[in-house]
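Have a look at the structure below, then the notes.
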């Protein structure tokens with residue numbers, strides 16, 4: 001795996017649960033040998049102290065009601081994948097964007113790519129739907145561009161309504177990071193673009209399995225001339241060897257346009273994110 005062209009050292013409060021991980025999942029063709037040591041190395045002394053403090057907190061304190069199926073919330077580092085997958089085995093990740101309402105499970109359905117467009121994380125019919133990826137993407141997060149979908153309702157309901165906050169230049173400038181939890185890993189991404197585009201499928205418009213398709217997407221991205229587009233400086237050198245995540249949503253009253261937030265992987269705590277790029 002090529003080194004990232006830009007690396008920021010984050011102290012991630014949300015990664016504290018990794019300190020007690022007993023077994024790190026291997027993935028994407030990379031060996032898991034020594035992964036636990038790699039995870040520990042990612043956690044600073046300062047973070048380790050906060051973990052110890054949290055563990056010795058008052059055991060009699062009442063539990064805080066949080067947002068997840070089993071009371072999980074990334075804001076409180078309470079992601080219990082065993083409990084989540086007992087409720088719905090199609091949950092493979094948890095997405096958290098600080099200071100938005102996006103703190104929710106991510107799913108991939110074998111019943112159809114649009115199943116969670118109209119079903120919640122329990123698999124029950126729900127107009128708000130859930131956050132999901134299509135079968136064309138790997139749940140291991142090893143693709144060049146993993147596209148996540150979520151609805152925005154007319155009354156600003158829906159799991160991805162908070163994405164529109166990134167249309168505001170000030171909010172975009174002050175909020176750089178999003179976090180994706182996997183079972184045994186936490187991935188940190190930096191948000192570097194937010195803009196509206198034609199409501200077409202990215203996965204059907206670009207073949208991200210080949211170098212040519214990745215480069216075509218990047219060329220199109222940087223050729224956009226839209227004054228409403230927010231683009232963070234310092235990421236002009238993104239290549240097909242990076243790992244991107246694209247969050248997409250659309251308003252019910254504007255079916256022709258979709259709003260996307262694009263982020264790039266900057267930290268892989270367990271060291272399992274890798275792939276071979278086909279020329």
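The values are calculated or read from the model by the stated rules, or taken from the named source; none is laboratory data. Nothing here was measured: the structure is a model prediction, and the numbers come from that model. Counting neighbours? That spans all protein chains shown, and the Cβs are built from the backbone with ideal geometry, glycine included.
Structure notes:
- Filter result (in a strand (DSSP E or B), within 16 Å of the chain's Cα centre (by Cα) and over 23 Å from residue 269 (Cβ atoms)) within the stretch 148-160: 149
- Single unsatisfied condition, residue 163 versus (1) farther than 21 Å from residue 90 by Cβ; (2) part of a strand (DSSP E or B); (3) touching a strand residue (DSSP E or B) at 6+ places or on another chain (Cβ under 6 Å): (2)
- Any hit, the stretch 216-224, residues being under 26 Å from residue 140 (Cβ atoms) and assigned to a strand (DSSP E or B): no
- Here residue 203 passes the criteria (1) modelled with pLDDT of 95 or more; (2) farther than 18 Å from residue 144 by Cα; (3) touching a strand residue (DSSP E or B) at 6+ places or on another chain (Cβ under 9 Å) except the one numbered (2).
- Answer residue from the stretch 247-272, given it is out of contact with any helix residue (DSSP H, G or I) (no Cβ under 8 Å at 6 or more places or on another chain) and in a loop (DSSP other than H, G, I, E, B) and is farthest from residue 188 (Cα to Cα) among those: 253
- Flag for residue 190 being at negative phi, out of contact with any helix residue (DSSP H, G or I) (no Cβ under 7 Å at 6 or more places or on another chain) and either in a loop (DSSP other than H, G, I, E, B) or free of Cβ contacts under 8 Å to residues at least 24 places away in the same chain (or both): no
- Every listed requirement among (1) surrounded by 15 or more Cβ atoms within 10 Å (Cβ to Cβ); (2) more than 21 Å from residue 132 (Cβ to Cβ); (3) touching a residue at least 24 places away in the same chain (Cβ under 8 Å) is met by residue 216 save one, (3).
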